[in-house]
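**Student:** My questions all concern the structure below.
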Amino acid sequence: MEVTVQIPDEIANRVTASGVDLSRRTLENFALEEFREGRITKVELRKMLGLERIELDGFFKSHGVYEEYTMEDFERERQALKELGF
C-alpha cells in the first residue's frame, strides 16, 4: 500500500534541508508506533522496514526502545543453555 502525506512546503523544505529522508523517517516512526501499541510483531516491523533480524536491535537502540528482560527470561535462557551442554 502506498500512502501520501501532505506537508506544507516550507516545513518539508526545512526538515529535509539537513538531508533527512522524510519518507523513510515517516515510515520508521509509523512502524515503531504500531509495534509499541502491539498492532504489529517484530517480524512485521522488520518486513515493513526491510531490516535483517540482526539489524533490528540497532534500530530499537537508535530509537530508544529497550525490551523488558526479566529474571524469568534470564533463567529460561540459562536453563536452555544448560540443556544444550553449555
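Quick note: the coordinates plus some simple rules give every number you see, no bench work behind them. What you are looking at is a predicted structure, and each value in this text was computed from that prediction instead of being measured. Heads up, the Cβs are rebuilt from the backbone with ideal geometry, glycines too, and the neighbour counts pull from every protein chain shown.
**Student:** If Lys and Arg each add +1 and Asp and Glu each add -1, what is the summed charge of the other residues whose beta carbon sits under 13 Å from the beta carbon of GLN79?
**Tutor:** Net local charge, GLN79 excluded: -2.
**Student:** To continue, here is another question. Under the classification rounded if a/c is under 1.5, otherwise prolate if a/b is larger than b/c and oblate if not, where does the chain fall, given a ≥ b ≥ c as square roots of the Cα gyration tensor eigenvalues?
**Tutor:** It is prolate, given that a/c is not under 1.5 and a/b is the larger ratio.
**Student:** Using the Cα centre as the reference, give the magnitude of the dipole from point charges on the C-beta atoms of the chain (Lys, Arg: +1; Asp, Glu: -1; all else neutral), rounded to the nearest 20 debye.
**Tutor:** 140
**Student:** Another question about this same structure. Taking only Cα atoms and a 10 Å spring cutoff, compute GNM fluctuations for the chain and point out the largest among GLY50, GLY19, GLY64.
**Tutor:** GLY19
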